[in-house]
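K.L.:
The structure that follows is given in the form of structure tokens.
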Protein chains: 2
Amino acid sequence: MQSTQIRLARRPDGEPDADTFETVTVDVPEPAEGEVLLAVRWLSLDPYMRGRLSTAKSYAAPVEIGDVMVGGTVAEVVESRSESFATGDLVLSYSGWQSAVVAPAGQLRKLTGDAPPQTALGVLGMPGFTAYAGLLQIGRPQPGETVVVAAATGPVGSAVGQIAQLRGARAVGIAGGPAKQGALVQEFGFDAALDHRAPDFAERFAEAVPGGVDVYFENVGGAVWDVVRRHLNTYARIPVCGLVAGYNATASPEGPDRMPGLMRQVLTQSLTVRGFIQNEFVAEHYRDFLREMGEWVATGRVRYREDVVDGLAAAPAAFAGMLRGQNFGKLLVRVS
Amino acid sequence: MQSTQIRLARRPDGEPDADTFETVTVDVPEPAEGEVLLAVRWLSLDPYMRGRLSTAKSYAAPVEIGDVMVGGTVAEVVESRSESFATGDLVLSYSGWQSAVVAPAGQLRKLTGDAPPQTALGVLGMPGFTAYAGLLQIGRPQPGETVVVAAATGPVGSAVGQIAQLRGARAVGIAGGPAKQGALVQEFGFDAALDHRAPDFAERFAEAVPGGVDVYFENVGGAVWDVVRRHLNTYARIPVCGLVAGYNATASPEGPDRMPGLMRQVLTQSLTVRGFIQNEFVAEHYRDFLREMGEWVATGRVRYREDVVDGLAAAPAAFAGMLRGQNFGKLLVRVS
């Protein structure tokens, strides 16, 4: 059996481009005792992957040049030498950008239940848990409060808004372009929606948060943060989950230096600015997430949207497009 | 009876100077039923007062032009028309920069116990509680962790370091000049001390925190923060209590804009940056503070230092000097 692999060829300076990755085909070895052979069905593309392309200090080691690009996958067991898995089982894996792989059984989780298997990469997986843990453990929305989230049609943002509403808060979503703006209200049921590309975004946003902002779930940074932070209430909480607007940045922007002003705002408004990676909360909260979110998704109280591209060859362009906000929902590659 | 009052005459543009305040003498009325006449003994000077001189958005309203400057005081009851107070009682008041005043009994707290009365303005008052609540509720130091505090010979900083040690953490203090640096270790028992004015401060600081920084209690901002933040550990907590280095600033410093870099650091290191004003914690924690800190001070486990100037007329210059770091310990005005 052969595997198509997409490997890191060159670290990008700015946006990833055609030179960033290379595609190779390799023979897959036979599984040894305790291993299984997997055929990958779905690959998840996520913003955090931009960090893995860089050697800048971060919470995880970078992908090395020549290594297969990392990523979460849903795969089918083709051959098993583990008692835990049988041929045909669907598993959650972290096998990266490749079509087939041999993996130790201990690194896999069997997917069961009625939910479509690829939801284990989205609303019922890492992005959904990121929303659930970051919002509930750091944002802590109270009934009647206003929760704002950007990249709001994405898998994290759409879950943040809907969970906020299930906790009795008002959800205000921000996304790029009128189509996404419309989907926020019509598809996901947000209380208000904004297009951050609209020339009057700042004015519209002010109108959408007449009582100020109690929780800003930070996915994007950049110009959206500049507008939102003018409307934060005293004691507002800002779970910092991602800063996709700056992921391709190559230097600090020109001045003036706004760091002292931000620190002053933190002080005078008793703000909580808290970065997090979902791993921190897994041990304590993942079981509750699967139970609670599973029920919300099954009963339609939390909706999700998928943006599917076909074939591993499409992954590099889809990934670069996601960093520019071109995906519309959870970005997945249908591998085979 | 007459009162000498120091009133706000003009809002300073930068450092407060000779034109900022004016001194007047007024007749004090007789106390009405439920009021007491106070002769002020001690006036507290604190960095937060700089904020009250400005109309910039903050957590409290500014002092109006022509109003008596605000401040905590210890006063003696000269005449009482309240059953709660008798002539000769010492009380904690918020009567501001004036030598005598008539105050409603409900706004006063009688001082009892063996501690010197002016400690109610320092280690056993607002500054001590600021340290206690900010460190324990936000910083949450664990045994073996490293806690860093600047302005460390001040009433907040010196308490932060000593409480950190009582919780099993290592205390590293930063202050301006060799005399203060020496006092941190010899007088307050810090584990390590730095002079932020030393030309090799950044290198010395790195040596003093070989295991990184778990809690940075932020009192000052500016250049000290720039150095400390390079050494923060993952999950570090930064209670933001004050930013005295920037209180006299009139504009944002020149670029590059470091705000995006700070937000990225918050994300990649899962930092908690949390502004606070001690009032937030009074209802839940003040009683514990008085009991616990009272015992620590009485038994010498928490030491404090006072910097006393004589006479209300000295208050404006002492206040301006404090904003430049010239005080050495809790700054008090002995009023009469």
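K.L.:
Kindly list the number of the only condition in (1) in contact with a strand residue (DSSP E or B) (Cβ under 8 Å, 6 or more places away or on another chain); (2) of a type in the set (Phe, Trp, Tyr); (3) outside the structural domain of B:Pro12 (by TED's automatic domain parsing) that fails for B:Trp97.
P.N.:
Exception for B:Trp97: condition (3).
K.L.:
Counting only residues that are outside any loop (DSSP other than H, G, I, E, B) and surrounded by 18 or more Cβ atoms within 10 Å (Cβ to Cβ), how many does the stretch B:1-49 have?
P.N.:
So the answer is 17.
K.L.:
Something else: Does A:Glu284 satisfy the criteria of being away from chain B (no Cβ under 14 Å) and without any contact (Cβ under 8 Å) to a residue 60 or more places away in the chain?
P.N.:
Working: away from chain B (no Cβ under 14 Å): yes; without any contact (Cβ under 8 Å) to a residue 60 or more places away in the chain: yes.
Spelling it out, A:Glu284 is indeed away from chain B (no Cβ under 14 Å) and without any contact (Cβ under 8 Å) to a residue 60 or more places away in the chain.
K.L.:
Can you report the number of residues in the stretch A:54-74 which are assigned to a loop (DSSP other than H, G, I, E, B), modelled with pLDDT of 95 or more and in contact with a strand residue (DSSP E or B) (Cβ under 8 Å, 6 or more places away or on another chain)?
P.N.:
Summing the residues that are assigned to a loop (DSSP other than H, G, I, E, B), modelled with pLDDT of 95 or more and in contact with a strand residue (DSSP E or B) (Cβ under 8 Å, 6 or more places away or on another chain) in the stretch A:54-74 gives 8.
K.L.:
Now for a separate question. Among the candidates B:Leu312, B:Leu267, B:Leu323, which residue alone is without any contact (Cβ under 8 Å) to a residue 12 or more places away in the chain and not charged (D, E, K, R)?
P.N.:
Only one candidate qualifies: B:Leu267.
K.L.:
Could I ask something else about it? What's the total number of residues in the stretch A:213-261 that are at pLDDT below 95 and among the polar types (S, T, N, Q)?
P.N.:
So the answer is 4.
K.L.:
Okay, next question. So for the stretch B:96-104 (the condition being among the hydrophobic types (A, V, I, L, M, F, W, C), touching a residue at least 40 places away in the same chain (Cβ under 8 Å) and in contact with a helix residue (DSSP H, G or I) (Cβ under 9 Å, 6 or more places away or on another chain)), does at least one residue qualify?
P.N.:
The answer is yes, given that some residue of the stretch B:96-104 is among the hydrophobic types (A, V, I, L, M, F, W, C), touching a residue at least 40 places away in the same chain (Cβ under 8 Å) and in contact with a helix residue (DSSP H, G or I) (Cβ under 9 Å, 6 or more places away or on another chain).
K.L.:
Search the stretch A:59-82 for residues that are more than 14 Å from chain B (Cβ to nearest Cβ) and pair each with any residue that is surrounded by fewer than 20 Cβ atoms within 10 Å (Cβ to Cβ) and among the acidic types (Asp, Glu) when their beta-carbon atoms are under 9 Å apart and the residues are at least 6 apart or on different chains.
P.N.:
Listed by first residue and then by second, the contacts come to A:Gly66/A:Glu22; A:Glu76/A:Asp89; A:Val77/A:Asp89; A:Glu79/A:Glu30; A:Ser80/A:Asp89; A:Arg81/A:Glu30; A:Arg81/A:Glu33; A:Ser82/A:Glu33.
K.L.:
Further question on the same structure: Can we say A:Leu124 is assigned to a helix (DSSP H, G or I), among the aliphatic types (A, V, I, L, M) and out of contact with any Phe, Trp or Tyr (no Cβ under 7 Å at 6 or more places or on another chain)?
P.N.:
no
K.L.:
So, in the stretch B:233-257, of the ones that are part of a loop (DSSP other than H, G, I, E, B) and among the hydroxyl-bearing types (Ser, Thr, Tyr), which residue ends up farthest from the other protein chains (Cβ to nearest Cβ)?
P.N.:
B:Thr250
K.L.:
Moving on to the next point. Output the number of residues of the stretch B:209-218 satisfying the condition of being more than 10 Å from chain A (Cβ to nearest Cβ), out of contact with any helix residue (DSSP H, G or I) (no Cβ under 6 Å at 6 or more places or on another chain) and either buried (at least 22 other Cβ atoms within 10 Å of the Cβ) or within 18 Å of A:Arg258 (Cβ to Cβ) (or both).
P.N.:
Pass one, the stretch B:209-218, residues more than 10 Å from chain A (Cβ to nearest Cβ): B:209-217.
Add one more test, that the residue is out of contact with any helix residue (DSSP H, G or I) (no Cβ under 6 Å at 6 or more places or on another chain), and what stays is B:210-211, B:214.
With either buried (at least 22 other Cβ atoms within 10 Å of the Cβ) or within 18 Å of A:Arg258 (Cβ to Cβ) (or both) added as a condition, the list becomes B:214.
Number of matching residues: 1.
K.L.:
With the condition kept exactly as written, say whether any residue in the stretch B:235-244 is surrounded by fewer than 18 Cβ atoms within 10 Å (Cβ to Cβ), assigned by TED's automatic domain parsing to the domain that holds B:Val213 and closer than 23 Å to B:Phe205 by Cα.
P.N.:
Scanning the stretch B:235-244 turns up at least one residue that is surrounded by fewer than 18 Cβ atoms within 10 Å (Cβ to Cβ), assigned by TED's automatic domain parsing to the domain that holds B:Val213 and closer than 23 Å to B:Phe205 by Cα.
K.L.:
Go through (1) buried (at least 23 other Cβ atoms within 10 Å of the Cβ); (2) in the same structural domain as B:Gly34 (by TED's automatic domain parsing) and name the single condition B:Arg109 misses.
P.N.:
Tallying (1) buried (at least 23 other Cβ atoms within 10 Å of the Cβ); (2) in the same structural domain as B:Gly34 (by TED's automatic domain parsing), B:Arg109 fails exactly one: (1).
K.L.:
A further question follows. If you go through the stretch B:277-321, how many residues are over 19 Å from B:Asp17 (Cα atoms) and either of a type in the set (A, V, I, L, M) or touching a His at 6+ places or on another chain (Cβ under 8 Å) (or both)?
P.N.:
Qualifying residue count for the region: 9.
K.L.:
Follow-up question, since we're still on this one. (1) assigned to a strand (DSSP E or B); (2) assigned by TED's automatic domain parsing to the domain that holds B:Gly325: which one isn't true of B:Ala115, the others all being true?
P.N.:
B:Ala115 satisfies all of (1) assigned to a strand (DSSP E or B); (2) assigned by TED's automatic domain parsing to the domain that holds B:Gly325 except (1).
K.L.:
A further question follows. Can you name every residue in the stretch B:262-276 that is among the β-branched types (Val, Ile, Thr) and modelled with pLDDT of 95 or more?
P.N.:
Hits for the stretch B:262-276 are B:Val266, B:Thr272, B:Val273.
K.L.:
Within the stretch A:184-203, take every residue that is free of Cβ contacts under 8 Å to residues at least 24 places away in the same chain and under 14 Å from A:Ala152 (Cβ atoms) and give me the one that is surrounded by the fewest Cβ atoms within 10 Å (Cβ to Cβ).
P.N.:
That would be A:Gln186.
K.L.:
Considering the stretch B:96-112 alone, what residues qualify as being within 24 Å of B:Asp310 (Cβ to Cβ) and outside any loop (DSSP other than H, G, I, E, B)?
P.N.:
B:Gln98, B:Ala100, B:Val101, B:Ala103, listed by residue number.
K.L.:
Right, something else. Inside the stretch A:258-329, counting only helices (runs of 4 or more DSSP H) that do not spill past its ends, which hold 2 or more residues that are of a type in the set (A, V, I, L, M), surrounded by 16 or more Cβ atoms within 10 Å (Cβ to Cβ) and in contact with a strand residue (DSSP E or B) (Cβ under 6 Å, 6 or more places away or on another chain)?
P.N.:
Qualifying helices (runs of 4 or more DSSP H): A:259-268, A:315-323.
K.L.:
In a loop (DSSP other than H, G, I, E, B), within 25 Å of the chain's Cα centre (by Cα) and closer than 22 Å to B:Gly125 by Cα - does that describe any residue in the stretch B:75-95?
P.N.:
The answer is yes; a qualifying residue exists.
K.L.:
If you don't mind, another one. Could you figure out which of (1) more than 8 Å from chain A (Cβ to nearest Cβ); (2) at negative phi isn't true of B:Met263?
P.N.:
With respect to (1) more than 8 Å from chain A (Cβ to nearest Cβ); (2) at negative phi, B:Met263 is out only on (1).
K.L.:
For residues that are touching a residue at least 60 places away in the same chain (Cβ under 8 Å) and of a type outside the set (Gly, Ala, Ser), scanning just the stretch B:239-258, find the one that is farthest from B:Gly275 (Cα to Cα).
P.N.:
That would be B:Thr250.
The values are calculated or read from the model by the stated rules, or taken from the named source; none is laboratory data. Values in this document were obtained by computation on a predicted structure and should not be read as measured data. Every residue, glycine among them, receives a Cβ derived from its backbone with ideal geometry; neighbour counts consider all protein chains shown.
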